[in-house]
Amino acid sequence: MKNILVTGGAGYIGSHTVKILLDKGYSVIIIDNLSKGNKKLIDPRAKFYNFSLDDKNKILEVFDSFQIDFVIHFAAFIEAGESMKDPQIFFKNNVVNTINLLEVMLEKDVKKIIFSSTAAVYGEPEYVPINEIHPRKPTNYYGLSKLMIENILESYNHAYGLKSISLRYFNASGADEGGSLGEMHMPETHLIPLILKVANGSRDKIYIFGDDYDTEDGTCVRDYIHVNDLADAHILAMEKLDEIGFDFFNLGNSQGFSVKKVIYICKEVTGKNIKVEIAKRREGDPARLIADYSKAKNVLGWEPKRDIYEIVKTAWKWHENENS
Ligand code: UDP
């Protein structure tokens, strides 16, 4: 049985990936300091270590206790807005801590990693759909921290033979079909959970950040991708890593939905009225982000299986009875 180390396994995408790994018979070791992750999302079948990747000795202890076969690295700060106010903590937590992890991996001769990257590495799109050769000019320090790690991975592949695949997620959303896992960010800033918190009565209204964009209805268009489709991609990437060596892939649906359209779909799925207020644009929001995922399809054999309705339905199952 292969041992997979998952950093950030108590987070949103991490916890969904852990569940699928365990269901497939992999053995999972989680490192998460619970600063953003949640204990409720930790699968009891996994081994769990509560510490931060700034502690290299603790990482070493985990590698001494298990023969790790692969690392899937999710642990990171993800709030783009926050990164503009305090880039230092993003560079320390995301970049420096990844360097610590890689240092231990090299020391222990574990040379396989799947890295959780983001569409934010592209910045303002020059064209859509965005493919992997689109220029990478992040417009926030969160995206820059992820791009720095991608570049480090490329140089480590070249110099040390470290194998890696970076997966650039578009808008991760939805929840596990079983209802035991879902999106729990503190604070929540993402569109779909915020709309569903209005539907379940824990919030008063949803603010639309700008309705004067150059799109069909003036609101921003995004490519929403189900969290379990993302989780599946990690497993495919892991299984193909030996033959691939080093690469990066976009993960999205190649379909764009405006903020207004998403609100409309949430109304349809929940049957609830959702109060809306137009607010000013949020800084750094591109009008339209849509993935071209054909490279992931051709090379990894990955294709999304769930559409926006499935995303909202599963997310609603998670949020329906939650009132925070
Ligand atoms: N958005 C919004 N109101 C909110 C939260 C988000 O209008 O309360 C918009 C946001 O401007 C963006 C889209 O919804 O165009 C998706 O935002 P989210 O934060 O979910 O993901 P992002 O695209 O920033 O990664």
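The values are calculated or read from the model by the stated rules, or taken from the named source; none is laboratory data. All of these numbers come straight from a predicted model, not from anything done at the bench. For neighbour counting, all protein chains shown are included, and Cβ atoms are generated from backbone atoms with ideal geometry for every residue, glycine included. Quick note on the areas: whole protein, heavy atoms, side chains included, nothing else; ligands and nucleic acids left out. Shrake-Rupley method; radii C 1.70, N 1.55, O 1.52, S 1.80 Å.
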Exercise. Considering only residues that are in a loop (DSSP other than H, G, I, E, B), among the charged types (D, E, K, R) and open to solvent by 40 Å² or more (accessible area, probe 1.4 Å), look in the range 24-43 and name the one that is nearest to MET1 (Cα to Cα).
Key: LYS24
Quiz prompt | Residue that is away from the ligand (no atom under 13 Å from the Cβ), out of contact with any Phe, Trp or Tyr (no Cβ under 8 Å at 6 or more places or on another chain) and not charged (D, E, K, R), where the choices are ASN140, ASN100 | solution = ASN100
Practice problem: State yes or no: is GLU183 within 12 Å of the ligand (Cβ to nearest atom) and either free of Cβ contacts under 8 Å to residues at least 60 places away in the same chain or acidic (Asp, Glu) (or both)? | Solution: yes
Practice problem: Confirm whether ALA237 is over 23 Å from the mean Cα position of the chain (by Cα) and in contact (Cβ under 8 Å) with a residue 12 or more places away in the chain. | Solution: no
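Go through the range 47-62 and give me each residue that's closer than 28 Å to TYR142 by Cα and either among the charged types (D, E, K, R) or part of a helix (DSSP H, G or I) (or both).
Of the residues in the range 47-62, the ones closer than 28 Å to TYR142 by Cα are 48-60, 62.
Passing the criteria: ASP54, ASP55, LYS56, ASN57, LYS58, ILE59, LEU60, VAL62.
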Quiz item: Within the range 101-126, can you find the residues that are part of a helix (DSSP H, G or I) and either free of Cβ contacts under 8 Å to residues at least 24 places away in the same chain or crowded, with 18+ Cβ neighbours inside 10 Å (or both)?
Solution: LEU101, LEU102, VAL104, MET105, ALA119, ALA120, VAL121
Practice problem: Return a yes/no flag: does the range 91-104 have any residue that is touching a helix residue (DSSP H, G or I) at 6+ places or on another chain (Cβ under 9 Å), modelled with pLDDT of 95 or more and more than 27 Å from GLU239 (Cα to Cα). | Solution: yes
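Could you please find all residues in the range 255-267 being charged (D, E, K, R) and either more than 12 Å from the ligand (Cβ to nearest atom) or open to solvent by less than 50 Å² (accessible area, probe 1.4 Å) (or both)?
Let us first name the residues in the range 255-267 that are charged (D, E, K, R), namely 260-261, 267.
Of everything in the range 255-267, just one residue is charged (D, E, K, R) and either more than 12 Å from the ligand (Cβ to nearest atom) or open to solvent by less than 50 Å² (accessible area, probe 1.4 Å) (or both), namely LYS267.
Each row is one residue, and each column tells you yes or no for (1) in a helix (DSSP H, G or I); (2) buried (at least 22 other Cβ atoms within 10 Å of the Cβ); (3) within 12 Å of the ligand (Cβ to nearest atom).
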{"residue": "ASN250", "(1), (2), (3)": "no, yes, no"}
{"residue": "ASN253", "(1), (2), (3)": "no, yes, no"}
{"residue": "VAL269", "(1), (2), (3)": "yes, no, no"}
{"residue": "LYS272", "(1), (2), (3)": "no, no, no"}
{"residue": "GLY284", "(1), (2), (3)": "no, no, yes"}
{"residue": "ALA296", "(1), (2), (3)": "yes, yes, no"}
Quiz item: Do you know which residues across the range 143-173 are out of contact with any Phe, Trp or Tyr (no Cβ under 7 Å at 6 or more places or on another chain) and assigned to a loop (DSSP other than H, G, I, E, B)?
Solution: GLY161, PHE170
Quiz prompt | Residue check, TYR207 at pLDDT 95 or above, within 12 Å of the ligand (Cβ to nearest atom) and hydroxyl-bearing (Ser, Thr, Tyr) | solution = yes
Quiz prompt | Where a residue in the range 270-284 is among the small types (Gly, Ala, Ser) and its partner, wherever it lies, is part of a strand (DSSP E or B) and within 12 Å of the ligand (Cβ to nearest atom), with Cβ under 8 Å and at least six apart | solution = ALA279/TYR207; ALA279/ILE208; ALA279/PHE209
Quiz prompt | Selection count where residues are within 13 Å of the ligand (Cβ to nearest atom) and either within 14 Å of VAL276 (Cβ to Cβ) or open to solvent by 10 Å² or more (accessible area, probe 1.4 Å) (or both), scope the range 221-244 | solution = 2
Exercise. Take TYR207 and decide whether it is part of a strand (DSSP E or B) and open to solvent by 50 Å² or more (accessible area, probe 1.4 Å).
Key: yes
